[in-house]
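Colleague: My structure is below; once you've seen it, I'll send some questions.
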Amino acid sequence: MADDPQGLSDEERAELEQLRAEKAKRDAAARAQSERAELERLKREQRRVDERAAADERTRRIRERNAKLMEPDDDLRMPVGQKIVLLAVLALVVIIVIAMNLGR
């Protein structure tokens, strides 16, 4: 730059504007690259959150299903008729065992 106290010449002013424009382009490119990197990082983070939520949901459904399987319901309870038959068979076995022991 010149030692002229009156400011920049037209040529120097044009050069300054050109350098400013080049710097602005570099800054914009760096900012765009930084924003793209942040976008990719946030996408990865969101994917991890979504995958974790899906895994938690699968785990919750499996636990609910297993809890349901462990609960006795009408299908697992023994009907009254079946209880009577089993009691009659047990009584018959006891009577036979007693009769065999008395017969000795």
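Colleague: Just to confirm the number: angle between the C-alpha axis of helix 80-102 and the first principal axis of the chain, 0 to 90 degrees, nearest 10?
Modeller: Here the helix axis deviates by roughly 50 degrees.
Colleague: Mind checking the per residue accessible area of the chain for me, 1.4 Å probe, whole number of Å²?
Modeller: So the chain comes to 97 Å² accessible per residue, rounded to a whole number.
Colleague: Which whole-Hz couplings ³J(HN,Hα) result when phi for each residue of the range 25-31 is put into the Karplus expression 6.51 cos²θ - 1.76 cosθ + 1.60, θ = phi - 60°, listed in order with x for Gly and Pro?
Modeller: Per residue, the Karplus-derived 3J(HN,Hα) values read 5, 4, 4, 5, 5, 5, 5 Hz.
Colleague: Sticking with this one: Here are some values of mean projected area of the Cα convex hull in nm²: (i) 16.2; (ii) 9.3; (iii) 8.0. Which one was computed from this structure?
Modeller: Here the calculated entry is (i).
Colleague: Further question on the same structure: Quote the Stokes-Einstein diffusion coefficient, in whole µm² s⁻¹, for the range 4-54, based on the Kirkwood radius over alpha carbon pairs, a temperature of 25 °C and a viscosity of 0.890 mPa s.
Modeller: It diffuses with D of about 171 µm²/s by this estimate.
Colleague: On to the next question. Using a probe of 1.4 angstrom, how much of the accessible area of the range 10-103 is carbon and sulfur, in percent?
Modeller: 59
The values are calculated or read from the model by the stated rules, or taken from the named source; none is laboratory data. Everything quoted here is computed from the prediction, not taken from an experiment. With ligands, DNA and RNA removed, areas are computed over all heavy atoms of the protein, side chains included. Shrake-Rupley method; radii C 1.70, N 1.55, O 1.52, S 1.80 Å.
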